[in-house]
Amino acid sequence: MTLTLPQWSDELEREVKDNILSFWKRHSVDEERGGFIGRMDSDGSIDPDADKGLVLNARILWTFAAAYRIYGAEEDLIMARRALDALETTFLDHEHGGFYWMITAQGAPSQDKKQVYGQAFVIYALAEYVRATGDHKPLKLAEQVYRLLEKHAYDPVHRGYVEALARDWGETSDMSLSGKDLNERKSMNTHLHVLEAYTNLYRVWRQDGLRGKLQELIEVHLERIIDPQSHHFLLFFNDEWESKSGDVSYGHDIEGSWLLYEAAEVLGNHELTARVKV
């Protein structure tokens, strides 16, 4: 049976609403300790004492803010507000700024480093909440994180951003995102999601400095991260952008292709858009 485009659209919308969003509404909320659970096994059993990750919480905020922007369901807004509250009350480092990478089930920091990948997801999610609700209060927090990244994580000599910093934004030897990643100074993955975050932030905050940084990020991807021979993304680098891995991540190649195009399109830069298309 061949489905028409409207039929495909209806089916996909039902999948999003009735399966994906509804699953997270039913199973992810931590009623006892606030926020959302840290871990669920494949059989649906929940570990109530598992640590809670920054990226998971930020992605929940982005997801339900985007859902509310598109569908307008009040229950999606409630979920987004819950995620925003968790970020502002338990993940936020009130002393040094930025957000902890991991907290305990009780809400205390368990990994307090400032992983740039995680800070980027917070910016991305906060900007989406502003887009969805018109409430600009979270924009101030997104701006603060952006300025912290530019002050502490940006490499003014070689361009780009380091992987991670200590809680106080000083140097750390623990750079890797996970046990599967190399402990290198820079990565494709982090830069891709800083690009994504700055693109969404620029939609709600048309600041000239941010515009320049977004344009530079596109150029860094084109000039440093994409292999000119294979056209795949290179994955890990030192400060000077020397590649440290020969692996290929096909999923990131696909994801990056549309994120680069989206960024150039949001900028309205026709020259960069043309370069990204090639």
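Structure values in brief
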quantity: Wholly enclosed helices (runs of 4 or more DSSP H) of the stretch 192-278 bearing at least 3 residues buried (at least 20 other Cβ atoms within 10 Å of the Cβ) and modelled with pLDDT of 95 or more; calculated: 208-220, 250-267
quantity: Matching entry among GLY160, GLY134, GLY97 (being in contact with a His (Cβ under 7 Å, 6 or more places away or on another chain) and either at positive phi or touching a residue at least 24 places away in the same chain (Cβ under 8 Å) (or both)); calculated: GLY160
quantity: Near pairs, Cβ below 9 angstrom, 6+ apart or cross-chain, from the stretch 43-67 (over 22 Å from PHE99 (Cα atoms) and touching a residue at least 40 places away in the same chain (Cβ under 8 Å)) to any residue that is open to solvent by less than 60 Å² (accessible area, probe 1.4 Å) and in a helix (DSSP H, G or I); calculated: ALA67/VAL16; ALA67/LEU21; ALA67/ASP76; ALA67/LEU77; ALA67/MET79; ALA67/ALA80; ALA67/ALA132
quantity: Options ASP253, ASP247, ASP208; residue that is without any contact (Cβ under 8 Å) to a residue 40 or more places away in the chain, under 19 Å from LEU139 (Cβ atoms) and not basic (Lys, Arg); calculated: ASP208
quantity: Residues of the stretch 108-121 that turn out to be farther than 11 Å from ASN200 by Cβ and either surrounded by 17 or more Cβ atoms within 10 Å (Cβ to Cβ) or under 11 Å from the mean Cα position of the chain (by Cα) (or both), as a count; calculated: 9
quantity: Residue match in the stretch 250-264 (condition: touching a Phe, Trp or Tyr at 6+ places or on another chain (Cβ under 7 Å) and more than 21 Å from TRP62 (Cα to Cα)); calculated: yes
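The values are calculated or read from the model by the stated rules, or taken from the named source; none is laboratory data. Please read these numbers as outputs of a predicted model, since none were measured by experiment. Here the Cβ is made from the backbone with ideal geometry for all residues, glycine too, and neighbour counts use every protein chain on show. Accessible surface areas use protein heavy atoms only, side chains included; no ligands, DNA or RNA. Shrake-Rupley method; radii C 1.70, N 1.55, O 1.52, S 1.80 Å.
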